[in-house]
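The structure under discussion appears below in the form of structure tokens.
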């Protein structure tokens, strides 16, 4: 929980509201405002009218993506052209066609993978760097008789021959989620 400290009105100045960001405790804030307050500052009531607990905002949670439609909504994709831009593809075919008409399972898999690779801020997409041999790139693998998710693995180099960089993940958890949650989509594309 973050704390919001509401300063008392001092010397005719308006009441200020300061939300704790870098300072985590009241003691740290007292150090910051020492110059503003003269005299004894040991009593909390000398400093603040009230201390309000505010819930910390949660970041993006990839578990909220259960369908291709969820991924499309999270990435704000309306047309094929939007999808190409988000996925950094140099395609122009069907650019103005609504994404709701998409029946390409590989494109759908890339859209879902991009949505699952969103970072906590909900804006930045983690992307595998083929030139970074220190970066783990997690990917799914499948068994075909019968078709099923068979696990995850990772590589450090260029893993495009195994699965394609656009279907790699930053963590094993995300790769597992992609493999299990979207099994029908994988089957439609691979089997």
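Derivation of every value follows stated rules applied to the coordinates shown; laboratory data play no part. Just so we're clear, the structure is a prediction, and the values are computed from it rather than from any experiment. Methodologically, a virtual Cβ is constructed for each residue, glycine included, from the backbone with ideal geometry; neighbour enumeration extends over all protein chains shown.
Observations
- Difference of contour (0.36 nm per residue) and Cα-Cα distance, residue 133 to residue 150: 3.6 nm
- The range 62-190 - percent relative contact order, Cα under 8 Å, separation 6 or more: 24
- For the peptides 76-87, 91-102, 169-180, the ranking by mean Cβ contacts within 10 Å, running from highest to lowest, is 169-180, 76-87, 91-102.
- Gain in span if fully extended, residue 172 to residue 104, counting 0.36 nm per residue against the direct Cα distance: 21.9 nm
- Reduced Cα scattering model of the range 62-190, Debye log10 I(q)/I(0), q = 0.18 Å⁻¹: -0.99
- Label zone at residue 60, where the point sits 7 Å out along the Cα-to-Cβ direction: the range 98-122 residues whose backbone N lies under 12 Å: 112-122
- Extension gain from residue 70 to residue 142, taking 0.36 nm per residue of separation minus the Cα-Cα distance: 23.6 nm
- Here, the range 92-140 yields an orientationally averaged convex hull projection of 5.2 nm² when only Cα atoms define the hull.
- Estimated inter-spin distance, residue 89 and residue 190, nm [label 7 Å along Cα→Cβ]: 1.9
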